[in-house]
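The values are calculated or read from the model by the stated rules, or taken from the named source; none is laboratory data. Fair warning: this is a prediction, and the values are worked out from it, not measured in the lab. All Cβ positions, glycine included, derive from the backbone under ideal geometry; neighbour counts span all protein chains shown. Surface areas here come from the heavy atoms of the whole protein model, side chains and all, with no ligands, DNA or RNA. Shrake-Rupley method; radii C 1.70, N 1.55, O 1.52, S 1.80 Å.
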Amino acid sequence: MNNKLKPRRPLKEKHYWEEWTGRIYTSICVVFLIVVMFSIVYFVASKGLSTFFQNGISISEFLGGKTWNPTGEPAFYGALPFITGSFITTLLAALIASPLGLCAALFMTEIVPGKGKKILQPAIELLSGIPSVVYGFIGLSVIVPLLRSIFGGTGVGIAAGCLVLAVMILPTVTSIMADALSALPKGLRESSYALGATRWQTIYRVIIPTTLPALLTGVVLGMARAFGEALAVQMVIGNAPHVPTSLLESASTLTSVITLSMGNTTMGSVHNNALWSMALVLLVMTFVFVILVRLLERRNRV
Amino acid sequence: MFKKLPFILMTLTFVLVLAACGSKNDAGTEGAASNGSGEATAELSGNILAVGSTALLPLVEQAGQKFMAVDEYKNVTVQVQGGGSGTGLTQVSDGQATIGNSDVFAEEKLEDEAKVKELVDHQVAVVAMAPVSNKDTGVEDLTKQQLVDIFSGKVTNWKDVGGADKAIVIVNRPSSSGTRATFEKYALGAKMDDIQGSIQEDSSGNVKKLVAETPGAIGYLALSYLDDSLQVLKYEGVEATVENVEAGTYPVWAYEHMYTKGEPDAATKAFLDYILSDEIQQNDVTELGYIPMSGMKVKRDAAGNVVQ
């Protein structure tokens, strides 16, 4: 009797403590995470906003000024060239990557579901494992000379930047789109076929319209990645601080300017603070992308 | 057992992260604390954290390895990090780093004069730069005025400076770069604005690649990066060679600085002396493409005045 009872009591106690250690542990982790996130946002915001409040640069000059010359006399802190550069490269990269990603996703889920997915999915996911320096170097060694030989000029510029970015965001776009397509209820597809629709008609009349919000989530997440990418773009875009007049002219993005100049400037200088303000712009843009994704998800549920 | 595995792993990473943060702080405070005392013991010990200039990084790293291998200094740890001259100066002046590596005088970077006064300059090597162009330009020699015209955008075709009929493409450094500051100060004599359509790269490797491959390109590189893939341009008829820099006839060069906050403590001083010793200056410094301090027949101050 005794021998049978004894193991039961410690076991119960053990579960009790397991429950509590688990709870305490996860709570500590969550608190730690929240503290880290808030301190990052606070740090970037306090640094970025001091450009306007301490150094007396007006927000309109920063966001709308076309001249960036922080070492000049007088100094100019107009970030418009970088903001436009970031937006143009991101949008163009999304324009190139979305149709490619959609076709790859359709191929994996609708056209050759079994073998297609087995081969294409790992191949595309492999792309996301390549470090961005390597993308940048490939861009510098292959894409820039290619553009130079086709269009003349230097070859560096937004065109090279968005081509590199398009390849980099392809895995994100494709895998999210493929998930969305395979999550579609079987019934919709089958009823479309039952009505006599061909596979192509089913794809563009039924599957794409119903999954559109989820497909767009893939595009937006891809854009968020493209917007924040620094190293690869910095190597091929040229980084001249001007609003470009053509796609083959040297331009810069917010990230490329930050990575180029952050280490060379001293903390607390106006130049350094202005770079933090650009980081703040990037942070705000990421918030916008996250909000967009949330809105799309909400539409998706209905 | 396996249910607990993720928890154990997470705890482990958590502890490791905290431990890493902790040890870094320790190194910082220790360095700062020992700065003041500066007592010389029989066996030197301590942590030296050198942060900053990526141009100086290879030398300090290599010298640090050799320094720690010396029996006398085996209790001294030398850690070297990049991050750029601005970061180096900020961190040494805030006491986070023992040594701040910089390509430029602190006077040129730090806005707060009181902070500049606290720093002690140790010049450990000289770096010279040469203007370089693509091989197709047909130009081998440029005067100061021609360079100014090119980098200010007044001259946009190589035929105007006696070369081939080819558009000029400027491969520049970002305006905050120490290399650019040196080139503008000593080769051009004035700060230049960025030209629309110019290219900016921070890494010397990328500058070299772009100048070598882009038709009509012009840029500038440290002597250690020069080779046959580029046309090295003479400046005012003077070739960029170590001898010419040492003799003071070639002006486009700058010191590599290692700043300490106040006078260095015993271990740091030993390390700085070690870098300036013949063993490092005659071997590592020249191997890595810098010019040793001992060979310099001219001196220069922060304002750019040259003394024979």
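Below is a table of values for the structure above.
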item	result
Failed item, numbered, when B:Ser85 is tested on (1) more than 23 Å from B:Asp202 (Cβ to Cβ); (2) buried (at least 21 other Cβ atoms within 10 Å of the Cβ)	(1)
Tally, over the range B:160-211, of residues that are within 11 Å of chain A (Cβ to nearest Cβ), of a type in the set (Gly, Ala, Ser) and not in a strand (DSSP E or B)	10
Among (1) without any contact (Cβ under 8 Å) to a residue 12 or more places away in the chain; (2) crowded, with 24+ Cβ neighbours inside 10 Å, the one test that A:Ser252 misses	(1)
Which listed residue, of A:Ser256, A:Ser252, A:Ser269, A:Ser246, is in contact with a His (Cβ under 9 Å, 6 or more places away or on another chain), of a type outside the set (Phe, Trp, Tyr) and within 14 Å of chain B (Cβ to nearest Cβ)	A:Ser252
Flag for A:Ser132 being touching a residue at least 40 places away in the same chain (Cβ under 8 Å) and open to solvent by 40 Å² or more (accessible area, probe 1.4 Å)	no
Options B:Val104, B:Val116; residue that is of a type in the set (Val, Ile, Thr), more than 20 Å from B:Leu288 (Cα to Cα) and within 14 Å of chain A (Cβ to nearest Cβ)	B:Val116
Hits in the range B:212-232 (condition: open to solvent by less than 30 Å² (accessible area, probe 1.4 Å) and either within 13 Å of chain A (Cβ to nearest Cβ) or more than 21 Å from B:Gly289 (Cβ to Cβ) (or both))	B:Thr214, B:Gly216, B:Ala217, B:Ile218, B:Gly219
Condition broken by A:Val206, with the remaining ones in (1) more than 13 Å from chain B (Cβ to nearest Cβ); (2) open to solvent by 50 Å² or more (accessible area, probe 1.4 Å); (3) free of Cβ contacts under 8 Å to residues at least 24 places away in the same chain satisfied	(2)
Filter result for the condition that a residue is more than 14 Å from every other protein chain (Cβ to nearest Cβ) and exposed (fewer than 15 other Cβ atoms within 10 Å of the Cβ), over B:Glu111, B:Glu72	B:Glu72
Residues that are among the hydrophobic types (A, V, I, L, M, F, W, C) and within 12 Å of chain B (Cβ to nearest Cβ), drawn from the range A:272-298	A:Ala274, A:Leu275
Test: residue in the range B:251-260 that is open to solvent by 30 Å² or more (accessible area, probe 1.4 Å), over 26 Å from B:Leu44 (Cβ atoms) and not in a helix (DSSP H, G or I)	yes
Those residues of the range A:42-79 which are more than 14 Å from every other protein chain (Cβ to nearest Cβ), open to solvent by 40 Å² or more (accessible area, probe 1.4 Å) and under 20 Å from A:Asn239 (Cα atoms), in sequence order	A:Leu63, A:Gly64
Condition check for B:Val211: touching a residue at least 12 places away in the same chain (Cβ under 8 Å) and under 21 Å from A:Thr154 (Cβ atoms)	yes
Matching entry among A:Pro171, A:Pro244 (being within 26 Å of A:Ala79 (Cα to Cα) and open to solvent by less than 60 Å² (accessible area, probe 1.4 Å))	A:Pro244
Cβ pairs under 6 Å, 6+ apart, first in the range A:37-51 and closer than 12 Å to A:Trp276 by Cα, second hydroxyl-bearing (Ser, Thr, Tyr) and open to solvent by less than 90 Å² (accessible area, probe 1.4 Å)	A:Gly48/A:Ser277; A:Thr51/A:Ser277
Close pairs from the range A:266-294: first free of Cβ contacts under 8 Å to residues at least 24 places away in the same chain, partner open to solvent by 30 Å² or more (accessible area, probe 1.4 Å) and assigned to a loop (DSSP other than H, G, I, E, B), Cβ under 8 Å, at least 6 apart	A:Thr266/B:Glu111; A:Met267/B:Asp94; A:Gly268/B:Glu111; A:Gly268/B:Asp112; A:Ser269/B:Glu111
Hey, A:Val112 over 30 Å from B:Lys109 (Cβ atoms), open to solvent by 70 Å² or more (accessible area, probe 1.4 Å) and of a type outside the set (D, E, K, R) or not	no
Residues that are in contact with a Pro (Cβ under 9 Å, 6 or more places away or on another chain), open to solvent by 30 Å² or more (accessible area, probe 1.4 Å) and modelled with pLDDT under 90, drawn from the range B:141-196	B:Gln196
Hits in the range B:277-306 - residues which are within 27 Å of B:Gly64 (Cβ to Cβ), among the acidic types (Asp, Glu) and open to solvent by 50 Å² or more (accessible area, probe 1.4 Å)	B:Asp278, B:Glu279, B:Glu287
